[in-house]
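What follows is one structure encoded as structure tokens, with my remarks underneath.
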Amino acid sequence: MKKVFVLIGNYGSGKTELALNFAMRAARAGERTELLDLDMVNTYFRLSEHGRMVSMKEIRLVSPNFACSGIETLSLPAEVASAFAMDWDTVIFDVGGDAVGSTALGRYHEDFMELEPGALEVLNVVNARRPLAGTADRIAKLQEEMEAHSRLRITGMINNTNLAQVTGPDELRDGYEIIREASERTGVPVKYTSGQKDLLEQFLAEGHDPRFIGTPLPIKTYMQRDWDSWVRSLSTKQK
Amino acid sequence: MALTLMKGSEAIAEAAIRAGARFFFGYPITPQTEIPEYMSARMPEIGGCYLQAESEVAAINMVYGAAGTGARVITSSSSPGVSLKQEGISYCAGARLPAVILNVMRGGPGLGSIQASQGDYFQGVKGGGNGDYHLITYAPSSIQEAINIMMFAYDKAEKYRVPVLFLADGIMAQMMEPVEMPEMVEFHVDPEKKPWAATGWKPGDDPEKRAQINSLFISTEELSKHNDVLQATYREIEKNEVMYEEYRAEDAEILITAFGTVARVAKSAIDELRAEGLKVGLFRPITVWPYPYKELRAAADREGVKALLDVECNEGQMLEDVKLAIEGTKPVDFFGHCGSQMPTTQEIIEKIHAMKEGK
């Protein structure tokens, strides 16, 4: 059965990073994989910048018209239809941030509804270190808004709490507590907990309630940037 | 204090609010639209005013009006929008109004591109609008530094009664970094401390105490006197407010000069070059007006320094100030791109190698 993952969430929660990780993992397992860049909001640091790396892994990438061309009026390409019409093993939608970003999904409402029952996972990527996702209240509110705009029900959350290059062991743990509260309140289960392998293992060894961890998802960082010296100095300061 | 992961735009906007800004006037333009977006959500929460003006020209004139009451006011835009604001900025400077103006630079000239650039250095530090004026101009190179500067920017603006300009770029507004956000500052307009502010005058009040916000001086004597005051203020700022950073510069043979995001790239390049055994360091102006002429000269005068390399994401605008600082005492080379292409670590490394080989 075709599996369709839709990644939505707060700006900066790590959707693109996770979309790349989901896609790489699927491709590595020999699955026919399509990755759709549906971010209609952001013109910087976007998935389509990684087009060459993605196509080398035999992942098909669909990008908005004019993505990475320096034009800010992106438009939805007709090829999005291939996600529904073609016979993929895994399809991943990387969607723009917040409710405004998830609006782009509404256009495909009927296509999503026609998927086989159980095929669709709509995942709210949560980074509790982002100011607007730092409490259960805010997560619940954002979740409600994104559902209204996307015309989709969120089926799970991903705890992807991180501080980019200076992520430490506290991040996943604090995220776990906040997301657990949001999950209990909204009834949306935690499906995955993601992070760098060592930090993730450290977190898992702490013996938290597995119902609010879901499947552990060790991730690789693809969205590298070249301004790491300041962060390096910050890391030294913290030690 | 806990770190949070923030986008440059959000962080700069939140820092302005924490520093006491309660009025935002602006107009959307990529790559800084997240600033008005954030302000539109945040200002009502704290009893402030967010107003999307009908144009950049209107926005800067709203800044003039609100700043005239002594309030802490902010506007933001990107290059073409900041060009539109120049008349109002000159009026603010003329009327001695403290305010904060953000320029998230993108490619130019004209509409240019929506990608990051440093092409508005001249506009920011050499004038922009008409008349003899300066803006205290900060060029932060990390989001944390932008936050930290914002926390005292209004104090400086009010101390000297000058507008403050932030020269950021698209990368800084769009990238995310872990930051520490300082506590909210208590700020109220104190008419005792700001006797110049137009806070309300009723018929019958002392006419001598009527505040007037004005940049028009019909008599040449009066205008001349007014300009003397402005110039004396600028000399004072030059004396007190210069900020800069040196990075691995103490024993450098080649001294790189760079500001803002490009200085970040330069630091990465310097670390790699140092690992190869090459003595390369950085001099980074944090205030680009007042420019650290004396301090750069002192750094370049060190015996070991053989040459300077200025790196910018433009065709060599700060280069002129570097040369003014050096006064021909050492060779100054340049590397940069215009057209919004950020110089990369690798390019800087290659350029330094070429300089070493005497190319």
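The values are calculated or read from the model by the stated rules, or taken from the named source; none is laboratory data. Please read these numbers as outputs of a predicted model, since none were measured by experiment. Reconstructed Cβ throughout: ideal geometry from the backbone, glycine too, with neighbour counts over all protein chains shown. In case anyone asks, the SASA skips ligands and DNA or RNA and just uses the protein heavy atoms, side chains included. Shrake-Rupley method; radii C 1.70, N 1.55, O 1.52, S 1.80 Å.
Listed values, structure above:
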quantity	calculated
Filter result for B:G124 (buried (at least 21 other Cβ atoms within 10 Å of the Cβ), in contact with a Cys (Cβ under 9 Å, 6 or more places away or on another chain) and not in a strand (DSSP E or B))	no
Residues being among the polar types (S, T, N, Q), within 22 Å of A:T215 (Cα to Cα) and buried (at least 19 other Cβ atoms within 10 Å of the Cβ) - total across the stretch A:135-166	5
Among (1) open to solvent by 10 Å² or more (accessible area, probe 1.4 Å); (2) within 20 Å of B:P31 (Cα to Cα); (3) of a type in the set (A, V, I, L, M), the one test that B:M105 misses	(1)
Strands (runs of 3 or more DSSP E) lying entirely in the stretch B:20-86 (those with 2 or more residues that are in contact (Cβ under 8 Å) with a residue 12 or more places away in the chain, within 16 Å of B:V100 (Cβ to Cβ) and not hydrophobic (A, V, I, L, M, F, W, C))	B:73-77
Test: residue in the stretch A:51-58 that is open to solvent by less than 40 Å² (accessible area, probe 1.4 Å) and at pLDDT below 95	yes
Residue match in the stretch A:23-38 (condition: open to solvent by 20 Å² or more (accessible area, probe 1.4 Å) and within 16 Å of the chain's Cα centre (by Cα))	yes
Residue among B:V162, B:V185, B:V189 that is touching a His at 6+ places or on another chain (Cβ under 9 Å) and either more than 14 Å from every other protein chain (Cβ to nearest Cβ) or under 22 Å from B:E45 (Cβ atoms) (or both)	B:V162
Condition check for B:P290: in contact with a helix residue (DSSP H, G or I) (Cβ under 6 Å, 6 or more places away or on another chain) and modelled with pLDDT of 95 or more	yes
Flag for A:R232 being in a helix (DSSP H, G or I), modelled with pLDDT of 95 or more and more than 23 Å from A:V6 (Cα to Cα)	no
Of the criteria (1) within 22 Å of B:G94 (Cβ to Cβ); (2) buried (at least 22 other Cβ atoms within 10 Å of the Cβ), which one B:K225 fails	(2)
Qualifying positions in the stretch B:148-178 - at pLDDT 95 or above and either closer than 23 Å to A:G14 by Cα or hydroxyl-bearing (S, T, Y) (or both)	B:Y154, B:Y160
Among residues of the stretch B:155-186, those that are buried (at least 16 other Cβ atoms within 10 Å of the Cβ) and either at positive phi or over 21 Å from the mean Cα position of the chain (by Cα) (or both), counted	2
Residue within the stretch A:132-146 that is within 14 Å of chain B (Cβ to nearest Cβ), in contact (Cβ under 8 Å) with a residue 24 or more places away in the chain, among the basic types (K, R) and in a helix (DSSP H, G or I) present	no
In the stretch A:108-127, the residues that are open to solvent by 10 Å² or more (accessible area, probe 1.4 Å) and within 14 Å of chain B (Cβ to nearest Cβ)	none
Filter result for the condition that a residue is open to solvent by less than 70 Å² (accessible area, probe 1.4 Å), away from chain B (no Cβ under 14 Å), at pLDDT 95 or above and under 22 Å from A:P189 (Cα atoms), over A:T103, A:T90	A:T90
Filtered residues of the stretch A:207-225 (kept if open to solvent by 60 Å² or more (accessible area, probe 1.4 Å) and touching a helix residue (DSSP H, G or I) at 6+ places or on another chain (Cβ under 7 Å))	A:K220
Search result, residues across the stretch B:337-359 that are surrounded by 14 or more Cβ atoms within 10 Å (Cβ to Cβ) and on the phi > 0 side of the Ramachandran plot	B:G339, B:S340
Tally of residues being farther than 15 Å from A:E147 by Cβ and under 21 Å from the mean Cα position of the chain (by Cα) across the stretch A:109-121	4
Residue pairs meeting the criteria (Cβ under 7 Å; at least 6 apart or on separate chains; first within 14 Å of another protein chain (Cβ to nearest Cβ) and over 17 Å from A:A83 (Cβ atoms), in the stretch A:44-59; second modelled with pLDDT of 80 or more and in a strand (DSSP E or B))	A:R46/A:D37
Yes/no for B:Y247 being within 13 Å of another protein chain (Cβ to nearest Cβ), hydroxyl-bearing (S, T, Y) and in contact (Cβ under 8 Å) with a residue 24 or more places away in the chain	yes
Matching residues in the stretch A:60-81 - criterion: being open to solvent by less than 10 Å² (accessible area, probe 1.4 Å), touching a residue at least 24 places away in the same chain (Cβ under 8 Å) and of a type outside the set (A, V, I, L, M, F, W, C)	A:P64
Any helices (runs of 4 or more DSSP H) falling wholly within the stretch A:1-112 and containing at least 2 residues that are closer than 25 Å to A:Q143 by Cα	A:15-28, A:81-85, A:98-102
Enumeration of residues in the stretch B:127-147 that are in a loop (DSSP other than H, G, I, E, B) and either within 14 Å of chain A (Cβ to nearest Cβ) or at pLDDT 95 or above (or both)	B:G129, B:N130, B:G131, B:D132, B:Y133, B:H134, B:L135, B:A139, B:P140, B:S141, B:S142
